[in-house]
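Q: Before anything else, here's the structure in question.
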Amino acid sequence: MGIEKKTYRSGPYQDFYCEATQVGNVLYLSGQIGTDQDGNTPTTTGDQTKIAYSNMQSILARFGEDMSNIVDETLYVTDMSELFAHIEDVYGAREAAYGRAPEACQTVVQVAALVQPELKIEIKCVAHR
Amino acid sequence: MGIEKKTYRSGPYQDFYCEATQVGNVLYLSGQIGTDQDGNTPTTTGDQTKIAYSNMQSILARFGEDMSNIVDETLYVTDMSELFAHIEDVYGAREAAYGRAPEACQTVVQVAALVQPELKIEIKCVAHR
Amino acid sequence: MGIEKKTYRSGPYQDFYCEATQVGNVLYLSGQIGTDQDGNTPTTTGDQTKIAYSNMQSILARFGEDMSNIVDETLYVTDMSELFAHIEDVYGAREAAYGRAPEACQTVVQVAALVQPELKIEIKCVAHR
């Protein structure tokens, strides 16, 4: 249909989906998790959040974008009470990533499980330019 | 990157996220819950739905939009069987909010928990103008 | 507000929501499930995935679009371990539907329940043209 997309692929499953797909002014990102480039996943929600945003920033940079382009976030967590117990760490990591009060919506739900059992948070977002 | 957004913030956590972010023709809304302006949350799914849509309408109005601008909805519920037990109340509240058969998609999933234990439904939507 | 939408409705609940809503270049689809046109739902995740993508293709075709227009997917599953146990079937069905490596993002979460107890997967996606 002639739609022009720019995609970014990474990791062992890169034949199956993209980490990000840009079409027109919109950049969709796959849910980002708290596993770093070396495959390590820290145990706390705050540390996982930090890595998830770091991964997000790396992806945005590949499209010439940054956190200011994010307009909508969905946070999938596995334990809402743990999230709130560490909310300062989580929002601290978030604010550090954005560098300012985020101009982005946010929806937070507790799911039954994420793709790997050690994950406590996954952040799915949409960016516009 | 020079992206122009219009945002609406409200409530105690307004430094951390926006209730709505408009960019170009698209208006993203954070998930809306059944807690009213005075902080009260009714117990039934139907009543919570009514308030969630009312909150949504207030936000849309701030951008000069209304329910006819909604194109996509995700309903996160905490008890699917209770949702269906009260489906007439829920769809009644929804139809009253839209004022007609909604020209919007809808995806309904049961999550493990919402941000507060008394919540039974959260509605996340996207509007276009 | 004069927003121009093109919608597609189907099934017993078509007064309440649309299977798809197109606005500008964007086509939003409601979450698609593994129930076929005759109301049958196979038991395996792989077979349900096949039908969900088939339903998605039918809807896209009504708007002159196809799988190449999909830019973002959210997979809601009810059992992550079962998903991975049948991941070859699921990704096989997916690759068959796309006809190539999908140029689409993907977010996978395990929810507590879908709209009917026999469902194991629901796929919600966004297409652009």
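Q: Between helix A:87-98 and chain A, what is the angle of the helix's C-alpha long axis to the longest principal axis, kept within 0 to 90° and rounded to the nearest 10?
A: Here the helix axis deviates by roughly 30 degrees.
Q: So how tilted is helix C:45-62 from the main axis of chain C? Cα-based, degrees 0 to 90, rounded to 10.
A: 10
Q: Under the definition of partner shielding as Cβ atoms of other protein chains within 10 Å of a residue Cβ, what is the mean value for peptide A:92-99?
A: The mean count of partner-chain Cβ atoms within 10 Å per residue comes to 1.
Q: Hey, what's the Kirkwood Rh for chain C if you take every pair of different alpha carbons, in angstrom?
A: Across chain C, the inverse of the average 1/r is 15.0 Å.
Q: With θ set to phi - 60° and the Karplus curve 6.51 cos²θ - 1.76 cosθ + 1.60, what are the ³J(HN,Hα) couplings of segment A:20-27 in order, to the nearest whole Hz, using x for Gly and Pro?
A: With coefficients 6.51, -1.76 and 1.60, one gets 7, 9, 9, 9, x, 8, 9, 10 Hz.
Q: Given +1 on the Cβ of Lys and Arg, -1 on the Cβ of Asp and Glu, and no further charges, what dipole in debye does the protein assembly as shown carry about its Cα centre, rounded to the nearest 20? Intermediate results must be reported in sequence, preceding the final value.
A: Numbers: 30 positive and 54 negative charges, 238 e Å.
Roughly 1140 debye, rounded to the nearest 20.
Q: Provide the three semi-axes, in whole Å and in decreasing order, of the ellipsoid equivalent to the protein assembly as shown as defined by the square roots of 5 times the Cα gyration tensor eigenvalues.
A: For the protein assembly as shown, the ellipsoid semi-axes come out as 26, 26, 22 Å.
Q: Next question, about the same structure. Which distances, shortest first and in nm, link residue B:84 to the matching position in the other copies, using label points set 7 Å out along Cα to C-beta?
A: 3.0, 3.0
Q: Quick one: how many lysine pairs does chain B have with C-alpha atoms less than 21 Å apart and a gap of 8 or more or different chains? Give me the count, please.
A: 4
Q: Would you report the distance distribution of C-alpha pairs in segment B:85-129 as whole percents per 5 angstrom bin, up to the bin with the largest distance?
A: 5, 15, 23, 28, 18, 9, 2
Q: For Cα pairs less than 8 Å apart in space and 6+ apart in sequence, what is the mean separation divided by the residue count of segment C:5-128, i.e. the relative contact order in percent?
A: 33
Q: Placing unit charges on C-beta atoms (Lys and Arg positive, Asp and Glu negative, everything else neutral), compute the dipole magnitude of segment C:5-128 about its Cα centre in debye, rounded to 20. Let's see the in-between values first.
A: Values: 9 positive and 17 negative charges, 93 e Å.
With Lys and Arg at +1 and Asp and Glu at -1, about 440 debye.
Q: Where along chain C is the Cβ that lies nearest the axis linking it to chain A, and how many Å separate them?
A: C:112, 3
Q: Here's another thing I want to ask about it. Hey, with R₀ at 30 Å, roughly what FRET efficiency would residue C:84 and residue C:10 work out to, going by the Cβ-Cβ distance, to 0.05?
A: Numbers: r = 32 Å, r/R0 = 1.06.
According to the calculation, E is roughly 0.40.
Q: Report the dimensions of segment C:1-43 along its three principal axes from the alpha-carbon atoms, largest first, rounded to Å.
A: Principal extents (Cα only, largest first): 43, 21, 11 Å.
Q: I want the antiparallel fraction of DSSP beta bridges within chain B, as a percent rounded to 5.
A: 75
Q: Taking springs between alpha-carbon atoms closer than 10 angstrom, which of B:85, B:52, B:97 fluctuates most in the Gaussian network model of chain B?
A: Highest fluctuation of the listed residues: B:85.
Q: Amide H to amide H, which residues 5 or more places from residue C:106 or on other chains are under 5 Å from it, using H placed in the peptide plane?
A: A:18, A:30, A:31, C:73
Each reported figure results from applying straightforward, stated rules to the coordinates on display, with no laboratory input. Just so it is clear, the structure is predicted and the values come from calculations on it, not from any experiment. Reconstructed Cβ throughout: ideal geometry from the backbone, glycine too, with neighbour counts over all protein chains shown.
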